[in-house]
1. Could you identify which residue out of 108, 133, 51 has the top mean-square fluctuation in a GNM of the chain using Cα springs shorter than 10 Å?
2. If you add up the charges near residue 44, with Lys and Arg at +1 and Asp and Glu at -1, over every other residue whose beta carbon is less than 15 angstrom from its beta carbon, what do you get?
3. Using +1 at the Cβ of each Lys and Arg and -1 at the Cβ of each Asp and Glu in the chain, identify which of 114, 43, 79 lies farthest towards the dipole's positive end.
4. Have a look at 129, 34, 94 and tell me which one the Gaussian network model of the chain (Cα, springs below 10 Å) gives the largest fluctuation.
5. What do the square roots of 5 times the Cα gyration tensor eigenvalues come to for the chain, in whole Å, largest first, as semi-axes of the equivalent ellipsoid?
6. May I ask you to work out the translational diffusion coefficient for the range 25-85 at 10 °C, viscosity 1.306 mPa s, via Stokes-Einstein with Rh from the Kirkwood sum over Cα pairs, reported in whole µm²/s?
7. Once you place label points 7 Å from the Cα toward the Cβ at residue 140 and residue 66, how far apart are they in nm?
8. When each pair of different Cα atoms in the range 10-54 is counted once in the 1/r mean, what is the Kirkwood radius in angstroms, to one decimal?
Amino acid sequence: MKTGRAAIDWSGLPDDALLLVDTTPFIYHFQDDVRYAGRFAGLFEQAAAGRLRIALSTVTLAEVLTGPYGHGRDALGKQLEAALCEFDVHPLSVPIAVEAARLRARYRLRLPDAIQLATALEIGAWGLVTHDRDFSAVQDVRVLR
């Protein structure tokens, strides 16, 4: 499988690392995207092996499900919802919203990205997994791209 960039070496992470995963890696994984799924395949393999833990925000849940529901594919939406809820799903809370506002102002992030970053910090994630370049200036948490 051809990938857009070299795959990340997920084996170098600490055992039981908690990673907050942004929306696009899930989309690439579930769609088996020819260009990018391979870049994140090891992430899901390591999680299935119990070597690391995957978390997501409710923003990611909503963003991933928008595609299937927007195309009238309700059965697929339900399947993806079940698959995503196998991971640790973290809701938007007041502390996350306040931190997202601070981070949005500091890094000039879009609101969904600021919520992702704030969620990663709130849950003590070892890192944030994304395919988004908007996180390039972030220094508050490890960003894995």
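Laboratory data are not the source of any read-out in this text; all were calculated from the coordinates shown. All of these numbers come straight from a predicted model, not from anything done at the bench. All Cβ positions, even for glycine, are placed from backbone atoms using ideal geometry, and neighbour counts span all protein chains on display.
1. Maximum among the listed residues: 133.
2. Numbers: positive: 39, 51, 53; negative: 9, 22, 32, 33, 45, 86, 88.
So the surrounding residues net to -4.
3. 114
4. 94
5. So the equivalent ellipsoid measures 22, 19, 15 Å along its semi-axes.
6. Working: Rh = 12.3 Å.
D = 129 µm²/s.
7. 2.1
8. Working: mean 1/r = 0.0935 Å⁻¹.
That comes to 10.7 Å for the range 10-54.
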